Amino acid sequence: MAAVNRCAPPGNRPTPEERDRCLPFLVREIAALTELRAIVALGAFAWDGAIRALAALGHRPRPRPAFAHGAEASIGPYRLLGSYHPSQQNTFTGRLTPAMLEAVLERARTLAGCARP
């Protein structure tokens, strides 16, 4: 698990500038995870940050994949999966259900080649 931002931003709303300042940390984390195969982005902001981090590592997707819940993109040796962020706003309104999140995580587990516990 890694975060696009390293600190809690004012109003819990990270800015693109904060994301860009924290990007080198995410790039180093991804580079250090030598067996990493699947990345789950929780929300569009994380999706964008993951794509930027992978681009910094030399993996630039063309065309740039659009975020959606359940979206998948092959970027270099990685598979990026999108999920709505599990915020109260998304879970209380039903935009993201437990089954929806579980399906994305199960897909990531399968792509990573991890055995079911």
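The values are calculated or read from the model by the stated rules, or taken from the named source; none is laboratory data. Nothing here was measured: the structure is a model prediction, and the numbers come from that model. Quick reminder, even Gly has a Cβ in these numbers, built from the backbone with ideal geometry, and neighbours come from all protein chains shown.
Among the candidates 32, 50, 38, single out the residue that is without any contact (Cβ under 8 Å) to a residue 40 or more places away in the chain and among the small types (Gly, Ala, Ser). Don't jump to the end; show me each part of the working.
Working: 50 fails: without any contact (Cβ under 8 Å) to a residue 40 or more places away in the chain; 38 fails: without any contact (Cβ under 8 Å) to a residue 40 or more places away in the chain.
None of the others qualify; the one that does is 32.
Residues checked against (1) surrounded by 13 or more Cβ atoms within 10 Å (Cβ to Cβ); (2) within 22 Å of residue 45 (Cβ to Cβ); (3) in contact with a helix residue (DSSP H, G or I) (Cβ under 7 Å, 6 or more places away or on another chain):
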{"site": "82", "(1), (2), (3)": "yes, yes, yes"}
{"site": "87", "(1), (2), (3)": "yes, yes, no"}
{"site": "96", "(1), (2), (3)": "yes, yes, yes"}
{"site": "114", "(1), (2), (3)": "no, no, no"}
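Any idea which of 54, 101, 105 is part of a helix (DSSP H, G or I) and in contact with a Ser or Thr (Cβ under 7 Å, 6 or more places away or on another chain)?
Values: 54 fails: in contact with a Ser or Thr (Cβ under 7 Å, 6 or more places away or on another chain); 105 fails: in contact with a Ser or Thr (Cβ under 7 Å, 6 or more places away or on another chain).
Just a single option satisfies the conditions, and that option is 101.
Does any residue in segment 90-106 that is under 16 Å from residue 68 (Cα atoms) come within less than 7 Å, Cβ to Cβ, of a residue that is of a type in the set (A, V, I, L, M) six or more places away or on a different chain, and which pairs are these?
Taking only residues 6 or more apart or on different chains, the pairs are 90/96; 104/40; 104/81; 105/40.
Quick one: in segment 1-30, which of the residues that are of a type in the set (A, V, I, L, M) and touching a helix residue (DSSP H, G or I) at 6+ places or on another chain (Cβ under 9 Å) is farthest from residue 111 (Cα to Cα)?
Here is the first cut: in segment 1-30, the ones of a type in the set (A, V, I, L, M) are 1-4, 8, 23, 26-27, 30.
Next, from what is left, pick out any that are touching a helix residue (DSSP H, G or I) at 6+ places or on another chain (Cβ under 9 Å): 2-4, 23, 26-27, 30.
Details: 2: 18, 3: 21, 4: 22, 23: 25, 26: 21, 27: 21, 30: 16 Å.
The qualifying residue farthest from residue 111 (Cα to Cα) is 23.
Kindly indicate whether residue 61 is of a type outside the set (Asp, Glu), without any contact (Cβ under 8 Å) to a residue 24 or more places away in the chain and surrounded by 14 or more Cβ atoms within 10 Å (Cβ to Cβ).
Values: of a type outside the set (Asp, Glu): yes; without any contact (Cβ under 8 Å) to a residue 24 or more places away in the chain: yes; surrounded by 14 or more Cβ atoms within 10 Å (Cβ to Cβ): yes.
So residue 61 passes the test.
Checking the structure you have, find out if any residue of segment 50-58 is at pLDDT below 95, surrounded by fewer than 16 Cβ atoms within 10 Å (Cβ to Cβ) and either at positive phi or out of contact with any helix residue (DSSP H, G or I) (no Cβ under 8 Å at 6 or more places or on another chain) (or both).
Step one: of segment 50-58, the residues at pLDDT below 95 are none.
Scanning segment 50-58, I find no residue that is at pLDDT below 95, surrounded by fewer than 16 Cβ atoms within 10 Å (Cβ to Cβ) and either at positive phi or out of contact with any helix residue (DSSP H, G or I) (no Cβ under 8 Å at 6 or more places or on another chain) (or both), so the answer is no.
Given the conditions (1) of a type in the set (A, V, I, L, M, F, W, C); (2) surrounded by fewer than 18 Cβ atoms within 10 Å (Cβ to Cβ); (3) in a helix (DSSP H, G or I), which single one is not true for residue 26?
Condition not satisfied by residue 26: (2).
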